1. From A:82, A:94, which residue is away from every other protein chain (no Cβ under 13 Å), out of contact with any helix residue (DSSP H, G or I) (no Cβ under 7 Å at 6 or more places or on another chain) and in contact (Cβ under 8 Å) with a residue 12 or more places away in the chain?
2. Let me confirm something: among A:71, A:51, which residue is farther than 24 Å from residue B:1 by Cα, out of contact with any strand residue (DSSP E or B) (no Cβ under 9 Å at 6 or more places or on another chain) and either surrounded by fewer than 22 Cβ atoms within 10 Å (Cβ to Cβ) or more than 13 Å from every other protein chain (Cβ to nearest Cβ) (or both)?
3. I'd like the residue in region B:18-34 that is in contact with a strand residue (DSSP E or B) (Cβ under 7 Å, 6 or more places away or on another chain) and without any contact (Cβ under 8 Å) to a residue 60 or more places away in the chain and, out of all such residues, is surrounded by the most Cβ atoms within 10 Å (Cβ to Cβ).
4. For residue B:52, are the conditions met, namely being away from chain A (no Cβ under 14 Å), at negative phi and assigned to a strand (DSSP E or B)?
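We did not get these values from a lab; they are worked out from the coordinates using the rules stated. Please read these numbers as outputs of a predicted model, since none were measured by experiment. Note that we place each Cβ from the backbone using ideal geometry, even for glycine, and neighbour counts take in every protein chain shown.
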């Protein structure tokens, strides 16, 4: 298995633009997680899905952020409009069960100018 | 909400010295996981502890889970330059995994 796949690996955009981050979890994993990592705040859980259904989105910072999982092999995290304070590394992770180890993707480094 | 505190934030050691990072949760945990993130990389799972008082070893790494299931530690014996990175504990509460802010370990040869 190729592991968790994320794209793009790097994204530089201007304030106000829409940004879409993509994730393909490991096949057969029931859980998918989106995290954001910054120096100041560390690794924060934004939202997680179980069997494609969003379970907890309390970590989503504001309405500018949205996430979808249309099928078991694909998820997106969208920021519209983007702001400089959204600059961070965004990780997607998946796990077989809720309490199992999480496998992280390589991350997307987002820079909003 | 659940909070996981980790200390120290940063430690710089000479190769061959020991290293310990400590993790404390504000609530009782169902399990605790440890991850390592190399510079520029992504978190990689190391181990999961489930039982009260549990101790597990992986070569030079020793992991402990406290009796009250609210704290944990990771000890590395005789550090090597390959141990460089940030070590995160992650506490599993009722539903979500909450990560500590990590301890960054630097090892000088």
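1. Exactly one of A:82, A:94 is away from every other protein chain (no Cβ under 13 Å), out of contact with any helix residue (DSSP H, G or I) (no Cβ under 7 Å at 6 or more places or on another chain) and in contact (Cβ under 8 Å) with a residue 12 or more places away in the chain, namely A:82.
2. Just one listed residue meets the conditions, A:71.
3. That would be B:34.
4. No.
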